[in-house]
1. Nearest 5 is fine: what % of DSSP beta bridges in the chain come out antiparallel, could you say?
2. Taking Cα atoms, how many degrees apart are the long axis of helix 13-23 and the longest axis of the chain, rounded to 10 and kept between 0 and 90?
3. Return one number: the angle in degrees, 0 to 90 and rounded to the nearest 10, between the long axis of the Cα atoms of helix 230-239 and the longest principal axis of the Cα atoms of the chain.
4. In degrees between 0 and 90, to the nearest 10, how far off the longest principal axis of the chain does helix 249-258 point, with axes built from Cα atoms?
5. Can you give the FRET efficiency for residue 152 and residue 461, using 1/(1 + (r/R0)^6), R0 = 41 Å, r = Cβ-Cβ distance, to the nearest 0.05?
6. Could I have the simple spin-label model distance between residue 185 and residue 260, label points 7 Å from Cα toward Cβ, reported in nm to one decimal?
7. Report the label-to-label distance for residue 312 and residue 56 in nanometres (one decimal), using points 7 Å from each Cα along the Cα→Cβ vector.
8. Could you calculate the FRET efficiency of residue 127 with residue 468 from 1/(1 + (r/R0)^6), where r is the beta carbon distance between them and R0 is 25 Å, rounded to 0.05?
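What follows draws every value from the coordinates through simple rules; no lab data is involved. Since we're looking at a predicted model, the values are computed, not measured. Cβ coordinates were reconstructed from backbone atoms using ideal geometry, including for glycine residues, and neighbour counts include every protein chain displayed.
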């Protein structure tokens, strides 16, 4: 269970990219619509922007916020931020204003780079750079920036839902990203590969997509649509001969069910963020024998992937799809409630250590799940809260959570955070949020409410009000309105009964719900 050996590569992300810009300057780094940028052009453009960032006051160690749509400019901007020794903080323009302001304040952001109107984020001590300014993109041959740096320096900050009801800013180091995509044991990315960039930047799958391509000399193909258009998606995958792609479990299930032909050029298909359907994995393997399907598991706090399970025509899933074994540079530990190792095959909580572990959270008061214990492992350890057990093949199987966090559409969601925001709305007395799982593997959030007699609210009203408080991916799919929540014999809300009620509603609307789930994907730009 230990793949935590030192890798040969120990460098900064942008230095790894600059290596390929020097070795393969004319190779295509980015494709987007009809536009192409070579490694040399992308590097020169990023260098030019980095020089301007220095002139505008960016200092090593700063965190620079980024609110940009998928584009070559977004990639060049990320590289520029790293080149000046800063970390990037991706913000989603669709998120509630107060959530974005919380992230900016906690991360002490003084510079925002945006390609859309974000004046509402303006602050006397915060400078906004318009990414549409022409002078930002006038040079393709500026020299590299010579600034010292270390692999322990932070490279990005990503906010995720927390069990406390407050978003947590995860601080990731350069060495963690390099460990994810260089000298790995779960995927072999070659310069001849083309990798699809489909995930939003605020979703950590983008870390694998972007740096998996650019730190291995491959081509990054940026999806040109705003949201998911299956026809456009299929056309761009085929036209660009995509060989490697990452999809959320929900999107994988949809594609495998309705558009399995989309994978005709793909050699490596990664999916995760939720439980995968073995039936649909086998359907993809039947249709495309050349594919290796990888179940990628891992919290944001351990840099995208902690464990992976590879499947192909000689290793098909039968029953539960395991989350696999630890990837290179990572060690996993299955411990009991006393943080002692469990016996082989027994269920325990998963802890992880090694190069992928984040530097911690932005808020020092939230560090509880990060700790040191040399009896478990050297260095910082992260407690995942996930229950796992090792199967007879030494692979890990996911068994559930010890807290109220769930994975929905690839995002980690705190049921308590959703519930607390619902309770802040007028006319609502009580709220219960549960997770409903469909047989095919898709999941949805269902809310069970007790409202005041004169509430006058509909489910759509509640969704609109919640959209001002929490990200769209956290808004419940179904809202069940009732006079009273069921109470058990102990005087507590009967979650089991509420789940049954929610299940009954979901079964009656299952097809509509599945369509809703897929229709909502465009809201997250991937």
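1. On the way: 59 of 95 bridges.
Beta bridges within the chain, antiparallel portion: roughly 60 percent.
2. Approximately 40 degrees, to the nearest ten.
3. It works out to around 30 degrees.
4. On a 0 to 90 degree scale, this one is about 90.
5. Details: r = 48 Å, r/R0 = 1.18.
Computed FRET efficiency for residue 152 and residue 461: 0.25.
6. Here the modelled spin labels are 3.2 nm apart.
7. 4.6
8. Details: r = 27 Å, r/R0 = 1.06.
Efficiency at R0 = 25 Å is approximately 0.40.
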